[in-house]
Amino acid sequence: MDDDLLSIGRFARLAGLSVGALRHYDELDLLRPADTDRFTGYRRYRRAQLETARTIARLRDLELPLDDIREVLAMGDPAEQRRRLATHRARIASRSDRLTRLLHVVGRMSDGKDPIMTSTTTDPSAATTVELDAAAQRQLGVDLYNSTWGLLEKPDRTPAETDEMIHRAHASRWHWARVGEAVNLARGEWLCSRVYATLGRGEPALWHARRCVEINEGLGADGRESWDLPAAYEAMARASFAAGDSASGGLWKTKALTAMEAISSVDDRQAIEQDLATLPG
């Protein structure tokens, strides 16, 4: 018997994988055993396979899809492997953005700050030539804002969807300008800045982030929620990083962290913290 061969149970313990996972990876031709008994089907592995098995375990713990793991293992170029992981990082960031937004929205509803039911239903993609009443304008502002987030959270947007995301963000801001208060306009500017920063377009991201900050600082604490100003500073930090200005990005991030101390709601503070955690530094 080859002393270098390990039983599937021992190999699983050393690799940090379950026996069931190893059997599954064998069936998928992702990690074949070194030897399989043709009568009993008993699998054995070589110690040299532990590095591959541990890499698979680590990447699965990072929720990298098995097909992607297969490709990463087959790549001989470390730079290409890093690029594949960067794509996965973008998917995780999109999912994180979605969860952060959901936490914030549900928190506001559960605290009674936002209504659960809406009185007007409109299709934000429908064109209209008639004059909209205030309720319809407001609902369009909300719907377009939310649908912009849906596109922001999509990891594999098409060029057409990217165009739509930009236009929806601006359309939401436009409808809020018809019926909203100044704080709604600031939030619209924040969304436009986030869209452009996500796309790596620093100049327009900075433009809208500055407008968000200007409006919020002009309102005073009584004219906005406690999270609005820290969010505006976060937008400036993100836009600065997108523009390649890491020094300014770090300063604005610090300013956002300081302003965050005034946030009264734990959920609102956590939402800003999670946004800031996605920034460099």
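Some values worked out for this structure:
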{"item": "Spatially proximal aspartates and glutamates relative to LYS255 (Cα-Cα < 18 Å; intrachain offsets below 8 disregarded)", "result": "GLU214, GLU217, GLU225, ASP228, GLU234, ASP245, ASP268, GLU273, ASP275"}
{"item": "Share of alpha-carbon pairs per 10 Å distance bin for the stretch 69-118, given as whole %", "result": "23, 27, 19, 15, 13, 3"}
{"item": "Kirkwood Rh and Cα Rg combined as Rg over Rh, evaluated for the stretch 1-123", "result": "1.24"}
{"item": "Burial ranking of peptide ranges 21-31, 196-206 (average Cβ count within 10 Å, highest at the top)", "result": "196-206, 21-31"}
{"item": "Approximate shape of the stretch 5-64 as ellipsoid semi-axes (Cα gyration tensor, √5λ), whole Å, largest first", "result": "19, 12, 9"}
{"item": "Directionally averaged shadow of the stretch 96-277, computed from the convex hull of its alpha-carbon atoms, nm²", "result": "10.4"}
{"item": "Net dipole in debye of the chain [+1 Lys, Arg Cβ; -1 Asp, Glu Cβ; about Cα centre; nearest 20]", "result": "680"}
{"item": "Rough spin-label spacing in nm, given labels placed 7 Å along Cα→Cβ, for THR36 and VAL105", "result": "4.7"}
{"item": "From the C-alpha gyration tensor of the stretch 132-191, square roots of 5λ in Å", "result": "22, 11, 8"}
{"item": "Fraction of alpha-carbon pairs over 13 Å apart in the stretch 212-281 - percent", "result": "60"}
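Bear in mind these aren't lab numbers, they're just calculated from the coordinates by the rules spelled out. Computed from a predicted model, the values in this text were never measured in an experiment. No Cβ is skipped: glycine too gets one built from the backbone with ideal geometry, and neighbour counts run over all protein chains shown.
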